[in-house]
Amino acid sequence: MQIALRFCAGAASLLLVAGCVVQYDVPPTPLELQALQSRDYDEDKQVAFGSVMSVFQDLGYTPTSADLETGFITAESVATGNFDWIAVLTDTSSTVQTRATAYIEEVGERVRVRLSFVEVRSTSSEQGQAGRSDRALLDPALYDNAFERIEQAIFVRAGE
């Protein structure tokens, strides 16, 4: 019995260590990040603001705050729980959720929209310990998809 317990503990330790191996890519420069996350439009702030709100909802996000004056919108996706055998062995549970923010500002005659998507992982244990890990999502396809939808929403709203 004790040998089996040691084997299980050793196997779990190896899996945990293997799961912690991370490849580090070179983070984007601030200018590259801004280019990825921002687009300029020839519409007014109110049209862009409403379009971003609509697109966030279309993408499955629930707005948690929005202020036209500051141009700031925050939204979050539905949280999904992870349940696997490691969670059972360690008496922990975890959830994953994506948070999205948008900043809409007037720049001269144009309006600039900057988006940010962050994956939030929260863990908790039966002993009351809690943890959180945030990771910026930097996949260009994610931003391209959001901006394409915003452009379509702006086109529709501007035509009304």
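Read-outs throughout are calculated quantities, based only on the coordinates presented, and are distinct from any laboratory measurement. Remember, predicted model here, so these are calculated numbers, not experimental data. Neighbour counts are summed over all protein chains in view; Cβ atoms, including those assigned to glycine, are modelled from backbone coordinates with ideal geometry.
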Dividing the convex hull volume of the Cα atoms of the range 43-160 by its residue count, what figure in Å³ per residue is obtained?
114 Å³
What is the calculated FRET efficiency for T95 to N145, with r their C-beta to C-beta distance and R₀ = 22 Å, to the nearest 0.05?
0.40
Peptides 71-79, 139-147, 25-33, 47-55: what's the order by average Cβ count within 10 Å, highest mean first?
47-55, 71-79, 139-147, 25-33
Treating only the Cβ atoms of Lys and Arg (+1) and Asp and Glu (-1) as charged, compute the dipole magnitude of the range 97-160 about its Cα centre; round to the nearest 20 debye.
180 debye
